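**Q** Here it is, the structure in full.
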Amino acid sequence: GQENRLPNPHPVVNADAPALNLNNSTGGVGCEPGYNYFFPPEHTKLHVIKSSTAPWRLPEGMSMHFGAYHVPVNTTLTELMTGFGAMNPLPKKNKVTEVIQGGSGKWYRGITYSGEDDAASKTLRDLGWDSTRTGRPGEKPVIWLWITKD
């Protein structure tokens, strides 16, 4: 029963990434007591760059902050943008750009999708961002993204 349950710390709420928390039916965060979460079977690895400047415009070798995430491959681009705080009421301003590592701290701009693109309804799997993107030696690299809303 709940009377034997040990107290847990409050979850960290990050307004920049609302998808990192499960909002439950009681208005709280996390699963209600007695409930467990059923994880989707397939995830991809995403590194989301946290920078107000486009990574490909930064000086070569400049360090950047980023978050590393496992994301279900059935997530749509719209859900991904929303989940990482890109919720501008003008869909064309919500964007996700794939960023390519060039080595020695150099970054290149890949394809950009906006919330108004037809691709916004595609899943990560549809884009090739699937469980094969492990970053392990001899395997496909993890996906690096820059997500904006302005």
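**Q** Find the relative contact order for the chain and round it to a whole percent, using C-alpha pairs within less than 8 Å whose residues are 6+ positions apart.
**A** Normalised by residue count, the contact order of the chain is 27 percent.
**Q** Please check the chain for the longest run free of chymotrypsin sites (Phe, Trp or Tyr not before Pro) that are loop-located per DSSP (anything but H, G, I, E, B) and have at most 12 other Cβ atoms within 10 Å.
**A** So the longest stretch without any such site is 39-150.
**Q** I want the antiparallel fraction of DSSP beta bridges within the chain, as a percent rounded to 5.
**A** That works out to approximately 85 percent antiparallel.
**Q** Could I ask something else about it? Tally Lys/Arg at +1 and Asp/Glu at -1 over every other residue whose Cβ is under 11 Å from the Cβ of Leu127; what's the total?
**A** Residues near Leu127 contribute 0 overall.
**Q** Let me ask something else about it. Considering the dipole of the range 31-150 built from charges on the beta carbon (Lys and Arg +1, Asp and Glu -1) around the Cα centre, which of Thr123, His70, Pro55 is farthest to its positive end?
**A** With unit charges placed on the Cβ atoms, the residue in question is Pro55.
**Q** While we're on this one: Mind telling me which of Pro137, Pro41, Pro55 comes out most flexible in a GNM of the chain, alpha-carbon contacts under 10 Å?
**A** Looking only at Pro137, Pro41, Pro55, the biggest GNM fluctuation is shown by Pro137.
**Q** If you don't mind, there's one more thing I want to ask. Just subtract the alpha-carbon distance of Asp126 and Leu20 from 0.36 nm times their residue separation and send over the number in nm, one decimal.
**A** 35.9 nm
**Q** How many angstrom lie between the Cα centre of the range 10-68 and the Cα centre of the range 117-150?
**A** Each part reduced to its Cα centre gives a spacing of 15 Å.
**Q** Next up: Net charge near Lys45, counting Lys/Arg +1 and Asp/Glu -1 over other residues with Cβ under 11 Å of its Cβ?
**A** Overall, the nearby charge balance is +1.
**Q** Under 21 Å Cα to Cα from Lys122, which lysines show up? Leave out anything in the same chain fewer than 8 places away.
**A** Answer for Lys122, where 21 Å is the Cα cut-off: Lys45, Lys92, Lys93, Lys95, Lys140, Lys149, listed by chain and number.
All of the numbers you see were taken from the coordinates with simple rules; none came from a lab. Remember, predicted model here, so these are calculated numbers, not experimental data. All Cβ positions, even for glycine, are placed from backbone atoms using ideal geometry, and neighbour counts span all protein chains on display.
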